[in-house]
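Here the structure is laid out as C-alpha cells; the discussion comes afterwards.
Since every read-out is calculated from the coordinates, none of them should be taken as a lab result. The structure presented is a predicted model; accordingly, all values stated were derived computationally and were not measured. With ideal geometry, Cβ positions are generated from the backbone for all residues, glycine too; neighbour counts draw on all protein chains shown.
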Amino acid sequence: MNSSAPRPPLSTTTARQIAKAAALVALGLGPAAMHAHAAGIRLEDDRGITLELQAPAKRIVSLMPSLTETVCALEACDRLVGIDRHANWPASVKGLPQVGGIDDANIERIVALKPDLVLLRPRSRAAEPLERLGIKVLALDAKTHADMRRVMETVARATGRPGAGEAFWRKLDAGLDAAKARVPAGWQGRRVYFEVHGGMAAASESSFIGETLARLGLGNAVPGTLGPFPKMSPEFVVRANPDVLMVSALGEISAMASRPGWSAMSAIQRGRVCSFASARFDLMMRPGPRLDEAADAIVGCLASLGEPKP
C-alpha cells in the first residue's frame, strides 16, 4: 500500500472512536500485540496482506458469525473476548461482549477488550482504523467449500493448531458423503429453488449452498452464471418450475402462492416446500463448521416430503 497516497476522509464518528481508542492505548489499556517486529506465525489473509503473530492468538474478537463458529469448532472458544451482534452459536458465546457488526463495529470497545487478533471480512470498515492503532487484523471470507476449508486451516494456524482446520474439514466432508447416502432415491437429480433474503434472491449453483446441493446429488433451478445469490423475478421461478422450494419459515406458503404465476407451479400445488425455522436457516446461510448440519436439514426435509411423483 502506498503510504504517500491520500486517505479517504473518516466520518466524524469513526474519527472520534479512533481518538478515544488512541487515548486508551496511551494509558496502557490498548492491545498487547503492538510489537514492531512480530514473528512466529505467518499468515496471508483474503486481502493479500501478510500478517505475523508473535504467538498463537489468545484474545480474539470476531466480527462475523461464521468465523466465531469456526474458532469454537476448533476448540478455541475460550479465546473469544468479543463478537458481532449476530453471532449466536454455540450458546456459550451469547454472554460475550458485542461490538457491533460489519458496517458499524465499535472501534473504541474493540480496543478496550485488548485483543491480540480481530477476525473480520475483507470489506469490513473496521479493518483500517484498527490497523492504524496497531491491532492485528485477519480478513477472511468463505464463498465456496474450498474457501471454507482454507479459512478453517488459517484460523487453526492463528490459534497455534496447524492441521486442526484440515482435520475438521475432513470430518465435514465425510458428513456430506453420509448425508448424500440418505437422500431418497426419488429426489436424486431433482431441482431445488433455495430462496434467500426474504424472497428477493436465491442461492445459485455457484454459491456454497449450491455446492452443498450438488454434493447431495440435487439439481439447482438457478444457474451459476447469474452469480452466487442473484436477485430473482417471480416470472423466472415460474419458468424454471423447480421440483421443490426451500425457504425460511418466515415466509408463508400461502404468501408464496400469491406471487404472480406461482400458484400454478407443481411445487406449490403438491406442497413440496421445505420451510426451515430461523435458527436452522441461519446455520444454512453461514459458510462455516456446521455445513454437515445444513446438509442433514436438507435431507431430512426431503425425506419428510416423501418420494416425489412425476
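Distant-in-sequence amide contacts of Arg47, defined by a placed amide H-H separation under 5 Å and a gap of 5 or more residues or a different chain, comprise Ala139. In sequence order, the stretch 190-206 has phi-based couplings of 6, 8, 10, 10, 9, 8, 9, 6, x, x, 7, 8, 8, 8, 8, 4, 8 Hz under the Karplus curve 6.51 cos²θ - 1.76 cosθ + 1.60, θ = phi - 60°, and Gly or Pro positions carry x.
By the rule of a C-alpha distance below 17 Å, with chain neighbours fewer than 8 residues away ignored, the aspartates and glutamates paired with Lys309 are Asp243. Highest-first packing order for the peptide set 66-73, 93-100, 279-286 is 66-73, 279-286, 93-100, based on the mean count of other beta carbon atoms within 10 Å.
The DSSP beta bridges internal to the chain are antiparallel in roughly 25% of cases.
For the peptides 122-131, 291-300, 171-180, residues were scored by their other Cβ atoms within 10 Å and the scores averaged per peptide; the highest-first order is 291-300, 122-131, 171-180. In this structure, the pairs whose alpha-carbon distance is over 21 Å, taken from Lys58/Lys143; Lys114/Lys143; Lys143/Lys231; Lys58/Lys114; Lys94/Lys114; Lys58/Lys136, are Lys58/Lys143; Lys114/Lys143. Summing charges over all other residues whose Cβ lies under 14 Å from the Cβ of Asp45, with Lys and Arg as +1 and Asp and Glu as -1, gives -1. Quotient of the Cα radius of gyration of the chain and 2.2 N^0.38 Å, N being its number of residues: 1.13.
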